[in-house]
1. Find the centroid of the Cα atoms in the stretch 1-46 and in the stretch 148-164, then give the distance between the two in whole Å.
2. Near the amide H of residue 211, under 5 Å away, which other amide H atoms are found, from residues 5 or more places off or on another chain, if H is placed in the peptide plane?
3. For the stretch 58-143, what is the relative contact order in percent, using Cα pairs closer than 8 Å and at least 6 residues apart in sequence?
4. Work out from phi, with θ = phi - 60° and the Karplus expression 6.51 cos²θ - 1.76 cosθ + 1.60, the ³J(HN,Hα) of each residue of the stretch 179-193, listed in order in whole Hz, and give x for Gly and Pro.
5. Report, in listed order, any pair from 5/195; 4/117; 147/212 with a Cα-Cα distance greater than 30 Å.
6. Evaluate 2.2 N^0.38 Å with N set to the residue count of the stretch 4-238, then give the Cα radius of gyration divided by it.
7. Which order do peptides 149-159, 14-24, 37-47 fall in by mean Cβ count within 10 Å, highest first?
8. Once amide H atoms are placed 1.01 Å from N in the peptide plane, what residues at a sequence separation of 5 or more from residue 233, or on another chain, have their amide H within under 5 Å of its amide H?
Amino acid sequence: MSLKKVLVTGSSRGIGNSILEIFFSKEFIPIGTATSNIGVEKIKQNFIDNNVQGFAYELNLDDKNSIDNFFAAIKDDDLNPDILINNAGIARDNLMLRMSEEDWSEVINVHLTGQFKLMKNFLRGMLKNKWGRIINISSAAAALGNKGQSNYVAAKAGIEAMSKTLAREVGSKNITVNCVAPGFIETDMLKDLDKDYLKMITGEIPLQRFGKTEEIASLVKFLSSDEANYITGQTVHINGGLFM
Ligand code: NAP
C-alpha cells in the first residue's frame, strides 16, 4: 500500500502541531506549513527529532502570492495530499461596532477563503485517485456565537456549510469532507483572553477543564481513517461538554 500524504496547515504550533505529530508513522508522509521561515524550520526540526520523512512549506493564507508559491512548490514536489487538514487560523477579536474592515477581511481570508482555495486546488488529485479525506477545523463558537468574534464565527459557520456542500459534490468519488469543532483548547490562541473570563468558562464546562491539542488530533486521525469511511458532511464537536 502506498504511503498517504497528509497536509496539515498551521502546524508550527498549537492544535496543528499535534495533528501533524499524530501522523508521524510509517504509513504517512506528513506535510506541514507555517507563515514564516522560522516556523518552517521548527517543523523540519520536529521531523528530524522524530526520525520522520516529512515536508514543510511557508504559507500565509492572507497573501495571494504566498498561496500561489505554496501550490507551485507542492506540485513540483509531487505531494498532492490524500488527506487535507485545514487547521491554520487566527483571531482578530473586537465588538462589531469597533471591528475594522481589515480585521474582518483577514479572518475571512485565512479561514473561509483559505480553506476554499486549498480544497479546490487539491481536489483534482483526490478525484483522480478516487479517494480523499478533508477535515476542516471549525469552532464551537460557530454554533454558540461569541461576543467580539463576528468575523471568526462567520468564517467558521461558513466553513461548516461549505464542507457539507463539498461532501455532497464528491461523496460518489470516495472523498469525505468533515469538520471538527473544538471548544476551548490550551494553545496560544487563548493566551490573550482575560483570565477571569477563562476561569468563568472553565466553570461552565462539564469536564471542568480546557481541552488538550492531542485530544483534537486523535479525533482528526479517526476521521481520516478507514474506521470513519461512512462519515461525511458532519461537524464533530469536541469541547468537554461546553456545547451539546
Ligand atoms: P495557534 O496556536 O495560534 O496556531 C495557529 C497556527 O496557524 C500556526 O501554525 C500559525 O503559523 C498558523 N497561521 C496563523 N496565521 C496564518 C496565516 N495567515 N496563514 C496560514 N497559517 C497561519 O492556533 P490554535 O489554537 O492551534 O488553532 C488552530 C485551529 O483551531 C484554528 O483554525 C482555530 O480557529 C481552531 N480553534 C482553536 C480553538 C482553541 O481554543 N485554541 C478553539 C476552536 C477552534 P505561525 O506559527 O507561522 O504563526
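We did not get these values from a lab; they are worked out from the coordinates using the rules stated. Model, not experiment: these values are computed from the prediction. Every residue, glycine as well, gets a Cβ built from its backbone with ideal geometry; the counts of neighbours run over all protein chains shown.
1. So the two Cα centres are separated by 24 Å.
2. When sequence neighbours closer than 5 places are left aside, the close amide H contacts are 184, 185, 186.
3. 39
4. Going residue by residue, I get 10, 10, 10, x, x, 7, 10, 5, 9, 4, 4, 8, 5, 8, 7 Hz, with x marking Gly and Pro.
5. 5/195
6. Numbers: Rg = 17.1 Å, N = 235, 2.2 N^0.38 = 17.5 Å.
Cα Rg divided by the expected 2.2 N^0.38 Å: 0.98.
7. Ranked from most to least packed, the peptides come out as 14-24, 149-159, 37-47.
8. Amide H to amide H, under 5 Å and 5 or more residues apart or across chains, residue 233 pairs with 177, 178.
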